[in-house]
Structure formats: structure tokens, C-alpha cells
Amino acid sequence: MEEIQSQSENYRSSSSSASSPASRVPSSNFFYLRKPGSLRQPISFEDSPEWEDTDIDVRVEEGGDSINIATTPVSPSLSKLNSGSLPSPPLPEGATAVRKIAGASVVWKDLTVTIKGKRKYSDKVVKSSNGYALPGTITVIMGPAKSGKSTLLRAIAGRLPHSARMYGEVFVNGAKSHMPYGSYGFVEREINLIGSLTVREFLYYSALLQLPGFFCQKKSIVEDAIHAMSLGDCSNKLIGGYCYMKGLSNGERRRVSIARELVMRPHILFIDEPLYHLDSVSALLMMVTLKKLASTGCAIIFTIYQSSTEVFGLFDRICLLSNGNTLFFGETLACLQHFSNAGFPCPIMQSPSDHFLRAINTDFDKIIAMCKNWQDDNGDFSSVNMDTAVAIRTLEATYKSSADAAAVETMILRLTEKEGPVLKSKGKAGTATRIAVLTWRSLLIMSREWKYYWLRLILYMIFTLSVGTVFSGSGHSLSSVVTKVAAIFVFVSFTALLSISGVPAVIKEVEVYTSEESNHHLGH
């Protein structure tokens, strides 16, 4: 315990020396959503939904099959941003606002995930994690690499691999029920899109594969997904990739992959690293778009490794993990207060997420060992002198005895003491519809992938004419058998070589199929 206190005092003194008191910026100018006075307050219970007060009104709009589900307004703390937040992107002219959806709460209690090793399930990736996600909010699972972020996200969504076992309970609207098809969406980290289709075509085919009903009735749903993810400017552009030199940017491609799940209008949306490989501008646009999507009533849960200060200010709640241990769960500013209480205050001119990862990432110990005898010109590198293992133990012990942890347990009890509305499946497209859509989509892809299909067809035709012309006068005698065998060998060899050139296209088709199959877009 003395070691922990001494390390905490060293880090506190080094953090305070990083910036002089004269250079400190008032907290009111900091880019956060909450007011500075709420920094010391525990998690508020005003966000807790009351099931008996929820009035769900389902009606069908005239002139289409779009179902408008309206609920009672969410708590003011969830439905609007404070004065320091960024505005949502404006909708295109003539576009309608995204329809409200009935929200759903998610609670995970004492969640532990083990991965099968060589002999038994002994490796704990996630250890006794507690948390919740409310309608209309963004809940972020943050931590360094290999801390269990994606595993926890998959455990909550019920998408763990067969080599993993889960212990604990997951509640949806207060009930232990499996989330049915269409009630939630899951977006993988890797983007698997069809480059030869436009954004509108890709989403339209996805809607045809996922939703029941007639073809013409799904256009309004696709337009809603396009407007929800701010894809109106690139809706008629080819997605690009492989055969196409130009296409969508990484941020646009990421938003298209999210829009593919939005055609089902899910109550809960899980995203694995939505800011993966995005620059600062694209990451900020992505977060503003997700914030606008959450304002419709959808509960969004995603993982993140690192973020800028502006992006950090758009989070509602943070679940901080390190080596599978939950170091904090609560509101964003409460996390800063938690680090300060544990003896690790965030320097003024440093991003909060950078500070969090600096304190809990064990890889920094390697940097300290490499640079222990080196200092920069100002001599400030000595501030990096904290043992990460000590920081992790300190933060974990501080959180377990804090008011935030008690508030989380109380909130979990309130969300699970009474069952709310049961999520129901919206139905699936018929088998005949899926076969017809997949066939037509494959034909359209082959007609546009000229490098893999049309070019090979032309080469086959030219080669057939060449071989037929060269060996046309070989005759029918016994002595011409050797010549005909040589012709067959040349034809088979060249055909095999041309077939190998189509392997990249087949691999891309397999990746798209795997992505759609994992989200049950093709059946089940």
C-alpha cells in the first residue's frame, strides 16, 4: 500500500509540474458536454427509463409502409447536448428528419468471458464487468490493445465465438432474453463492401435481403438510412476498391457499413472501432453523426482505442478496461474526477483519452525502460516515471470503493427489477426473394467488374480463335495425335492461368458473404 501511495504522489507531482498554474485554462473553456459543476457528482438516476410511463404509438404513414414508432420524450439530459457540443450536420433540402424509434436498455452484470486454452477455459479476457446502456445515449468501451474491448462488446451482443464461454447475465429491457433478429445491429471493425455498387444500390440490396415486403416499399427505408448517416452527397457514387481507382473515403465507407445495419431500424447498435483508420476530421464527423443517430432513441455501444478531446466530449458514458478489469464505468467527466481522486490528474493541455491510456497501458513500461537514462531538452521526460501495474491496481481499488461503483449497482437494480417491452423480430425476407436478389446482384457485379470478368471473357475468345486457327490443319491421322495432345495441354494451361486471375474477386465475394452471414442477412 505504501508503494501505491508513493507512486501516486510521484505521478501527481509530475503531472502538476507539466504545466504551471499560470498556464492553466479555466474549466469552463474546456470542450465537454457537461457543466464543470457536475464533475464531482456521481452518476445521476434521472436517465433511468420508467417502463410504465412509456407510451408506444405505432402508426403507418400514408403513401408508404414506413412504420413510425413514437415514444415519450427521453430525459432532457439525453435528448439534447449542452452548450459546448457540436451541432448535428444539416439535412439535405427536402429531406425529412430521422424517425424516432422505441429505445431499449442493455445491462450486463458480473460478466466474465474465458477463452479456451490448450487444456481448459482458463484465460479470462473479461473479469466481472458491470455496466449498462440507456436509450438515446452513447456508451464507449475504451482501453488499450488486448484489454478485452471487442470481447466484451461481442459478449453483450451474444456473438462470442465457440471457443469462448460467458458467465454472468445480460438484460435487455430488464429481461434475460436473447435479442431477436432485427432488434439490434452489429458492425464489424473490418469493412466488407461491394465496390462495384453505388451507396444507394448497396443499401437497397441490403434492405431487400433483410426486410420482408415488396421491393418498392423499401426505398423510403434506404433513404432514411442515407440521411441518418449523412451520406446524401455520395449516395450515387461507386463505393470503389480493387478495380476502381476512385471511390469513397475511409470515413464514408465506415458510415455505409453502419447504414447497412440501420435499414432494420435496430433498437441497439453495436460497433467495433467506428473510428478505426480515420483521420481527426473524419472521426469527428463520424461521432457527430452517431450522436445525431442516438438522439432518435437508439442505444449505441462501441469500442474505441483513442480519441481527440472533441470526440471525447461527445461520449455519454465510458467503460474503461485494462487486462479485462473494469477500472471505471460512468459519465465522461466523472472518469476525469476518478483519475484525479486516485492520484493521477489529467494535465491541462493533454487529451483525456491519451491520459487514460498513458496510465493503464503496460506498453509504456517498455518505453520507460528504454528511456530511463534520457531526458529531453527541457527535462520534462522525467514525468513518465510511473509503474503501470501500480496505476492499474490503484485505479481499480479506488473505483470499487467509490460512489460511482455503488451508483452503477443501484442503477442495474433499477433497470432489472421490472421487465419492460419485449423486443420482437420485424420478420425476414423470403427464400425466393433472397435467391432472386442475390442472383440479380451477382449479375450486376459481373457486368461492372470488367477487369475480372469482361477482360477475361475477351481473352478467352481471342485464345480460342488462336488455338483453333493454329491447330485447324492438323488432320485426322494417327500421326497427328501428338499435335492434338499438345493443343489440349496449351489450352488447359492457359485457361488455368486465366482462372487464377479471378481469385481476388472470389476472395472479396467470400468476405462479403461472411459479413452478411454473420449478421443473418442471408437467412437463419
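Scan region 425-439 and tell me whether some residue there is among the aliphatic types (A, V, I, L, M), modelled with pLDDT under 90, open to solvent by 80 Å² or more (accessible area, probe 1.4 Å) and under 30 Å from Lys176 (Cβ atoms).
Checking region 425-439: not a single residue is among the aliphatic types (A, V, I, L, M), modelled with pLDDT under 90, open to solvent by 80 Å² or more (accessible area, probe 1.4 Å) and under 30 Å from Lys176 (Cβ atoms).
Suppose we filter region 287-323 for residues that are in a helix (DSSP H, G or I) and touching a helix residue (DSSP H, G or I) at 6+ places or on another chain (Cβ under 6 Å); how many remain?
Our first condition is that a residue be in a helix (DSSP H, G or I); within region 287-323, this holds for 287-294, 309-312.
Of the ones still in play, those that are also touching a helix residue (DSSP H, G or I) at 6+ places or on another chain (Cβ under 6 Å) are 287, 293, 310-312.
Number satisfying all stated conditions: 5.
In the list Ile239, Ile318, which residue meets the criterion of being under 27 Å from Gly103 (Cβ atoms), touching a strand residue (DSSP E or B) at 6+ places or on another chain (Cβ under 8 Å) and among the aliphatic types (A, V, I, L, M)?
Numbers: Ile239 fails: under 27 Å from Gly103 (Cβ atoms).
Being under 27 Å from Gly103 (Cβ atoms), touching a strand residue (DSSP E or B) at 6+ places or on another chain (Cβ under 8 Å) and among the aliphatic types (A, V, I, L, M) holds for just one of Ile239, Ile318, which is Ile318.
Read through the list (1) part of a helix (DSSP H, G or I); (2) over 22 Å from Ile271 (Cβ atoms), then give the number of the only condition that Tyr205 fails.
Result: Tyr205 fails condition (2) only.
Among the residues that make up region 258-270, is at least one of them closer than 14 Å to Glu188 by Cα and assigned to a strand (DSSP E or B)?
yes
Given (1) touching a Ser or Thr at 6+ places or on another chain (Cβ under 7 Å); (2) not in a helix (DSSP H, G or I), where does Lys428 come up short, assuming only one miss?
Among (1) touching a Ser or Thr at 6+ places or on another chain (Cβ under 7 Å); (2) not in a helix (DSSP H, G or I), Lys428 violates only (1).
What about Tyr453, is it farther than 22 Å from Tyr204 by Cα, assigned to a helix (DSSP H, G or I), open to solvent by 50 Å² or more (accessible area, probe 1.4 Å) and in contact with a Gly (Cβ under 9 Å, 6 or more places away or on another chain)?
Numbers: farther than 22 Å from Tyr204 by Cα: yes; assigned to a helix (DSSP H, G or I): yes; open to solvent by 50 Å² or more (accessible area, probe 1.4 Å): yes; in contact with a Gly (Cβ under 9 Å, 6 or more places away or on another chain): yes.
In short, yes.
When you look at Thr433, is it in contact (Cβ under 8 Å) with a residue 12 or more places away in the chain and farther than 30 Å from Gly168 by Cβ, yes or no?
yes
When region 489-524 is examined, which residues are found to be farther than 30 Å from Lys428 by Cβ, among the hydrophobic types (A, V, I, L, M, F, W, C) and exposed (fewer than 12 other Cβ atoms within 10 Å of the Cβ)?
The first filter runs over region 489-524 and keeps only residues farther than 30 Å from Lys428 by Cβ, leaving 489-504.
Of the ones still in play, those that are also among the hydrophobic types (A, V, I, L, M, F, W, C) are 489-492, 494, 496-498, 500, 503.
Those that are farther than 30 Å from Lys428 by Cβ, among the hydrophobic types (A, V, I, L, M, F, W, C) and exposed (fewer than 12 other Cβ atoms within 10 Å of the Cβ): Phe489, Val492, Ala496, Leu497, Ile500, Val503.
Any idea how many residues of region 388-424 are outside any helix (DSSP H, G or I) and either open to solvent by less than 60 Å² (accessible area, probe 1.4 Å) or touching a helix residue (DSSP H, G or I) at 6+ places or on another chain (Cβ under 9 Å) (or both)?
Within region 388-424, the first condition is being outside any helix (DSSP H, G or I), and the residues that meet it are 401-402, 417-424.
Narrowing the set further to residues that are either open to solvent by less than 60 Å² (accessible area, probe 1.4 Å) or touching a helix residue (DSSP H, G or I) at 6+ places or on another chain (Cβ under 9 Å) (or both) leaves 402, 418-421, 423.
So the count comes out to 6.
Can you find, within region 320-343, the residue that is modelled with the lowest pLDDT among those that are of a type in the set (Ser, Thr, Tyr) and open to solvent by 10 Å² or more (accessible area, probe 1.4 Å)?
We begin by selecting, within region 320-343, every residue of a type in the set (Ser, Thr, Tyr); these are 322, 326, 332, 340.
When the remaining residues are screened for being open to solvent by 10 Å² or more (accessible area, probe 1.4 Å), the result is 326, 340.
Values: Thr326: 91, Ser340: 87.
This residue is Ser340.
Quick grid of which residues meet (1) open to solvent by 50 Å² or more (accessible area, probe 1.4 Å); (2) assigned to a strand (DSSP E or B); (3) among the acidic types (Asp, Glu):
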position: Ala155; (1), (2), (3): no, no, no
position: Val170; (1), (2), (3): no, yes, no
position: Gly182; (1), (2), (3): no, no, no
position: Gly185; (1), (2), (3): no, yes, no
position: Glu190; (1), (2), (3): yes, no, yes
position: Arg200; (1), (2), (3): yes, no, no
position: Ile221; (1), (2), (3): no, no, no
position: Asn236; (1), (2), (3): yes, no, no
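List every residue pair whose Cβ atoms sit under 8 Å apart, with the two residues 6 or more apart in sequence or on different chains, where the first one lies in region 460-489 and is without any contact (Cβ under 8 Å) to a residue 40 or more places away in the chain and the second, anywhere, is surrounded by 10 or more Cβ atoms within 10 Å (Cβ to Cβ) and not in a helix (DSSP H, G or I).
That search, which allows pairs on different chains as well, returns Ser480/Ser474; Thr483/Phe471; Thr483/Ser474; Lys484/Phe471; Lys484/Ser474; Ala487/Phe471; Ala487/Ser474.
Within region 469-491, work out how many residues are of a type in the set (S, T, N, Q) and in a loop (DSSP other than H, G, I, E, B). Even if it seems obvious, please write down each step before you answer.
Step one: list which residues in region 469-491 are of a type in the set (S, T, N, Q), which gives 469, 472, 474, 477, 479-480, 483.
Next cut, in a loop (DSSP other than H, G, I, E, B) only: 472, 474, 477.
Number satisfying all stated conditions: 3.
On the given criteria, is Leu443 of a type in the set (A, V, I, L, M), at pLDDT 85 or above, within 30 Å of Leu208 (Cβ to Cβ) and exposed (fewer than 12 other Cβ atoms within 10 Å of the Cβ)?
On the way: of a type in the set (A, V, I, L, M): yes; at pLDDT 85 or above: yes; within 30 Å of Leu208 (Cβ to Cβ): yes; exposed (fewer than 12 other Cβ atoms within 10 Å of the Cβ): yes.
Criteria met by Leu443.
Just to be sure before I move on: is Ser280 farther than 26 Å from Ser402 by Cα, open to solvent by 30 Å² or more (accessible area, probe 1.4 Å), polar (S, T, N, Q) and without any contact (Cβ under 8 Å) to a residue 60 or more places away in the chain in the structure I sent? Outline the logic, then answer.
Numbers: farther than 26 Å from Ser402 by Cα: yes; open to solvent by 30 Å² or more (accessible area, probe 1.4 Å): yes; polar (S, T, N, Q): yes; without any contact (Cβ under 8 Å) to a residue 60 or more places away in the chain: yes.
So Ser280 fits the description; yes.
So is Ile141 touching a strand residue (DSSP E or B) at 6+ places or on another chain (Cβ under 9 Å), open to solvent by less than 60 Å² (accessible area, probe 1.4 Å), within 16 Å of Gly324 (Cα to Cα) and at pLDDT below 90 or not?
Values: touching a strand residue (DSSP E or B) at 6+ places or on another chain (Cβ under 9 Å): yes; open to solvent by less than 60 Å² (accessible area, probe 1.4 Å): yes; within 16 Å of Gly324 (Cα to Cα): yes; at pLDDT below 90: no.
For Ile141, the condition - touching a strand residue (DSSP E or B) at 6+ places or on another chain (Cβ under 9 Å), open to solvent by less than 60 Å² (accessible area, probe 1.4 Å), within 16 Å of Gly324 (Cα to Cα) and at pLDDT below 90 - is not met.
Using the structure shown, decide if Ala405 is modelled with pLDDT of 90 or more, hydrophobic (A, V, I, L, M, F, W, C) and within 21 Å of Asn323 (Cβ to Cβ). Even if it seems obvious, please write down each step before you answer.
Working: modelled with pLDDT of 90 or more: yes; hydrophobic (A, V, I, L, M, F, W, C): yes; within 21 Å of Asn323 (Cβ to Cβ): yes.
Here the answer is yes, as Ala405 does meet what is asked.
The values are calculated or read from the model by the stated rules, or taken from the named source; none is laboratory data. For clarity, every value in this text was computed on a predicted model and none was experimentally measured. Here the Cβ is made from the backbone with ideal geometry for all residues, glycine too, and neighbour counts use every protein chain on show. Areas reflect the complete protein model, heavy atoms only, side chains present, ligands, DNA and RNA absent. Shrake-Rupley method; radii C 1.70, N 1.55, O 1.52, S 1.80 Å.
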